[in-house]
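One structure below.
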Amino acid sequence: MLATNDYKGGENFDLRDILLKGRKMSFHKKLDFFSDFIKGLTTRKEMQHLRCITSAADRQVDVIDSYSGHVKPMLMFGSNNYMGLANHPYVKEYVSGIINKFGVGIGGPPLLNGYTILHKELEERLAALKGCEDALIFSSGYGANVGLITALLNNNDIVIYDRYSHASFSDGIKMSGVRAVHFPHNDVKELEKYLTRINVDEGRNVFVGVEGVYSMDGDIAPLNRIVPICKLNNAILILDDAHGTGVMGKTGRGTAEHFGLEGKIDISMGTFSKTFAASGGFVAASKPVINYLRFFARSYMFSASAPPTVIASVLAGLDVLENEPELINKLKLNIDYTAQRLTELGFENNSLTPIFPLKVPEGMNIREAAFKFHQRGLFLNSIEYPAVPKSQQRFRISVMATHTKEDIDRMMTAIEEIWDEYKQLNFSEYTLLTSNKTFMN
């Protein structure tokens with residue numbers, strides 16, 4: 001429970017505390033209260049968000065240190081640029097040529113003047129990538145999830161989804177008014193129980209929503225078990241493969257390829273903001289589904305088309321994935337090496353995806369630890385409560401194909417040092433506490 005006095009900079013508040021307290025305040029007082037909270041974080045050097053990068057996105061970036069004002073090189077372990085496409089020479093050259101021909105923007109939605117031959121080509125290639133008949137492009141990944149849910153589902157339908165599903169999927173459910181229930185993360189038996197209890201008829205459709213790769217834990221959905229269950233129970237499977245596209249499978253076609261289930265997924269959603277290091281999203285499915293979405297997905301109809309520069313970067317990225325298969329092999333080697341090193345340090349981890357959750361002890365000040373990584377020239381993302389439960393706060397490590405073993409070793413050394421400092425501090429505090437108790441007795 002929060003104290004009734006305003007925030008003075010010392011309390012260990014989190015964003016949920018701020019939100020709850022702010023609901024009881026006037027508009028201006030709420031903003032002042034939050035401003036004081038941010039100032040407190042900055043004063044204690046616990047503000048590692050909105051760090052300003054002054055170079056191209058790569059395995060190493062230049063960052064303005066907000067505390068010293070100096071620019072410092074940092075190893076980037078916080079980016080979804082898994083294949084290093086953001087600064088790939090071929091991608092940059094291809095996009096430059098497209099700019100000279102198509103310019104930098106369109107100025108209209110896809111149904112009107114915003115559909116170019118580039119958009120058509122990319123949709124065809126994305127459909128082929130996912131083993132589907134057709135695809136359509138959204139201007140954001142968030143818009144793709146919200147658009148497909150609100151357009152395809154109605155309040156007589158039922159959607160059963162993994163409780164770790166992305167916020168955009170949850171928001172689409174809220175907007176659509178569909179009846180929804182979540183099942184425990186990756187618990188296929190519970191999913192099957194829900195499906196067998198539902199009566200499917202002409203007026204009611206059942207949808208199942210899962211992710212290929214889950215962004216907070218880096219684990220994958222067991223599609224080899226989920227797909228047959230959905231088929232058996234006439235449920236329509238929606239796969240959010242944002243973090244799997246370009247990464248999973250022998251050729252990077254996604255999590256379905258990883259399980260040998262290409263062409264078996266009813267509706268596949270993906271983004272351009274992960275492997276392709278751009279912005280935007282897409283949905284791939286049968287032609288009837290895609291045609292329906294073009295006219296009823298409001299986030300598609302009422303948003304400007306992705307500009308030629310974005311479309312070109314994704315097209316070029318697809319070329320790289322096809323022509324440089326060694327990139328996927330490099331990424332997998334880095335994933336294996338990172339998993340090995342973390343295991344040596346005593347951390348549980350998976351070795352299938354480039355996302356590694358580095359969970360912190362409940363007593364560790366994650367903001368203080370984030371600054372220690374920053375001081376050592378390592379860019380990691382800290383994930384705090386309420387994004388995850390307090391017992392599950394973590395740093396999220398994202399490995400890229402372009403990282404070297406030396407990069408990974410440097411990060412591991414920092415992890416070991418920061419965790420040892422915490423253990424030593426805890427031991428000192430415990431010794432002091434027990435000695436005080438002895439003295440008082």
For this session: Write down the radius of gyration of region 206-302 and its Dmax, each obtained from C-alpha positions, in Å.
Result: 13.5, 38
For this session: Name the long-range amide H neighbours of Asn381: under 5 Å, sequence gap of 5 or more, or other chain; modelled H, no Pro or chain starts.
Result: Arg396
Seminar exercise, completed: Quick calc, region 88-323, dipole around Cα centre from Cβ unit charges on Lys, Arg (+) and Asp, Glu (-), nearest 20 debye, gives 240 debye
Problem set entry | Dipole magnitude of the chain, debye to nearest 20 (Cβ charges: Lys/Arg +1, Asp/Glu -1, about Cα centre) | 960 debye
Exercise. For the chain, what is the calculated [θ] at 222 nm in deg cm²/dmol (nearest 500), taking -39500 (n - 2.57) for each run of four or more DSSP H residues and dividing by its residue count?
Worked result: -14000 deg cm²/dmol
Seminar exercise, completed: In whole Hz, the Karplus estimates of ³J(HN,Hα) for region 329-342 (6.51, -1.76, 1.60; θ = phi - 60°; x where Gly or Pro) are 5, 5, 4, 5, 5, 5, 5, 4, 5, 4, 4, 4, 5, 5
Exercise. Which of the pairs Lys274/Lys372; Lys120/Lys274; Lys372/Lys405; Lys189/Lys332 have their Cα atoms more than 24 Å apart in this structure?
Worked result: Lys274/Lys372; Lys189/Lys332
Problem set entry | Amide proton proximity set for Ser79, modelled H, under 5 Å, gap of 5+ | Ser398
Problem set entry | Geometric extent, Cα atoms of region 86-141 - Rg, Dmax (angstrom) | 12.9, 33
For this session: Rounded to the nearest 10 degrees, what's the angle between the helix 366-375 long axis and the longest principal axis of the chain, both from Cα atoms, 0 to 90?
Result: 90 degrees
Problem set entry | Sequence-distant residues sharing a close amide H with Phe138 (under 5 Å, placed H) | Gly281, Phe282, Val283
Seminar exercise, completed: Sorted largest first, the Cα spans of region 250-305 on the principal axes come out in Å as 37, 28, 10
Exercise. Can you sort Asp36, Asp217 so the residue with the fewest Cβ neighbours within 10 Å comes first?
Worked result: Asp36, Asp217
Exercise. What ³J(HN,Hα) values, in whole Hz, does the Karplus curve 6.51 cos²θ - 1.76 cosθ + 1.60 give for region 242-248 when θ = phi - 60°, with x put for Gly and Pro?
Worked result: 4, 8, x, 5, x, 10, 7
Seminar exercise, completed: Under the Karplus relation with 6.51, -1.76 and 1.60 and θ = phi - 60°, whole-Hz ³J(HN,Hα) for region 348-358, x at Gly and Pro, equal 6, 7, 9, 10, 10, 10, x, 9, 10, x, 9
Problem set entry | Packing-based order for 134-147, 412-425, using average beta carbon neighbours within 10 Å, highest first | 134-147, 412-425
Seminar exercise, completed: Taking alpha-carbon centroids only, region 8-69 lies from region 213-257 a number of Å equal to 35 Å
Problem set entry | Within-13-Å neighbourhood charge of Arg294 [Cβ basis; K, R +1; D, E -1] | +1
Exercise. Of Ile408, Leu333, Phe347, whose Cα points farthest to the positive end of the dipole of the chain (charges on the beta-carbon: +1 Lys, Arg; -1 Asp, Glu; origin at the Cα centre)?
Worked result: Phe347
Exercise. Considering only DSSP states other than H, G, I, E and B, which trypsin sites (Lys or Arg not before Pro) in region 201-309 qualify as loop sites with at most 14 other Cβ atoms within 10 Å?
Worked result: Lys250
Problem set entry | Cα long-axis angle, helix 223-232 against the chain (0 to 90 degrees, to the nearest 10) | 50 degrees
Seminar exercise, completed: Inter-part gap, Cα centre of region 374-410 to Cα centre of region 261-295, in whole angstrom, is 29 Å
Exercise. Quick one: helix 89-102 against the long Cα principal axis of the chain, what's the angle to the nearest 10°, folded into 0 to 90?
Worked result: 50 degrees
Exercise. Among the aspartates and glutamates, which fall within straight-line cross-link reach of Lys174, defined as a Cα-Cα distance under 14 Å, with same-chain neighbours fewer than 8 residues apart omitted?
Worked result: Asp157
Problem set entry | Residue among Phe371, Phe302, Phe356 with the largest mean-square fluctuation in a Gaussian network model of the chain, springs linking Cα atoms under 10 Å | Phe302
Exercise. Based on Cα positions only, what radius of gyration and what Dmax would you give for region 88-323, in angstroms?
Worked result: 17.4, 58
For this session: Among the GluC sites (Glu not before Pro) in region 145-221, which ones are in a DSSP loop with at most 16 other Cβ atoms within 10 Å of the Cβ? Mind listing them?
Result: Glu202
Problem set entry | Neighbourhood net charge (9 Å Cβ-Cβ; Lys/Arg +1, Asp/Glu -1) for Glu262 | +2
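No value in this document is a laboratory result; all are computed from the given coordinates. Predicted, not measured: the structure shown is a model, and the values here were computed from it. Quick reminder, even Gly has a Cβ in these numbers, built from the backbone with ideal geometry, and neighbours come from all protein chains shown.
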